[in-house]
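Participant: One structure coming up, written as structure tokens, with questions to follow.
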Amino acid sequence: MSSLAREIERYLKSLIEKAQNGVIEIQRSALSDFFDCVPSQINYVLSTRFTPIHGYIVETRRGGGGYIRIIRLNINDNNQLKMLLDEIVGTELSYSQAMGLLEFLRKESFLTHRETQLIGNIISDNVLSGLVGKNINMLRAQMLQSVLATILREDL
């Protein structure tokens, strides 16, 4: 399923890139027919690869005239980014969620490749697992918020 998921992801991202406003609307059934798969495979891709952490919002309507609308987040300033980070990061964050967010920030040019790698290494399970008795996901969220707040400051 992972290769099919990658194909679906690539296809949807190419449609989004071609869309002038970063928004696409497509029928779930048409997408399922195109990839010759069940709708649950489409749902899997949407729920794992098109999340706010990855820079997307997905709206769906089920039923006969149902559709999927995928909106690529366009963050124009640090205030919008800070609000998004507060909403997305919250109080706990898994490593894969954190890396998805960092990759999105790199693609949007808020972080360099080196900064992305550095932060990813700092918040990795390998580094944090030595902290016995601590909630690793909570600590990861706190660390990521702190590091990103420093990087995104305009006064430095």
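Participant: For segment 1-22, give me the residue count where each residue is crowded, with 16+ Cβ neighbours inside 10 Å and either among the hydrophobic types (A, V, I, L, M, F, W, C) or in contact with a Lys or Arg (Cβ under 8 Å, 6 or more places away or on another chain) (or both).
Facilitator: Number of matching residues: 5.
Participant: With respect to Ser14, is the statement that it is assigned to a helix (DSSP H, G or I) and modelled with pLDDT under 90 true?
Facilitator: Working: assigned to a helix (DSSP H, G or I): yes; modelled with pLDDT under 90: no.
No, not satisfied.
Participant: Also, quick follow-up: Being in a strand (DSSP E or B) and at pLDDT 90 or above is the filter here, so list the residues in segment 17-46 that pass it.
Facilitator: Within segment 17-46, Ile24, Glu25, Ile26 meet the criteria.
Participant: Now for a different question. What number of residues within segment 47-73 satisfy the criterion of being modelled with pLDDT of 80 or more, of a type in the set (D, E, K, R) and more than 11 Å from Glu25 (Cβ to Cβ)?
Facilitator: 2
Participant: Can you tell me how many residues within segment 119-141 are in contact with a helix residue (DSSP H, G or I) (Cβ under 9 Å, 6 or more places away or on another chain), assigned to a helix (DSSP H, G or I) and of a type outside the set (Lys, Arg)?
Facilitator: 11
Participant: Among the residues of segment 81-104, is any at pLDDT 85 or above, under 19 Å from Ile151 (Cβ atoms), of a type in the set (D, E, K, R) and not assigned by TED's automatic domain parsing to the domain that holds Ala19?
Facilitator: Among the residues of segment 81-104, at least one is at pLDDT 85 or above, under 19 Å from Ile151 (Cβ atoms), of a type in the set (D, E, K, R) and not assigned by TED's automatic domain parsing to the domain that holds Ala19, which makes the answer yes.
The values are calculated or read from the model by the stated rules, or taken from the named source; none is laboratory data. Everything numeric here is computed off the predicted structure, so don't read it as measured data. Here Cβ is always computed from backbone atoms with ideal geometry, including for glycine, and neighbour counts include all displayed protein chains.
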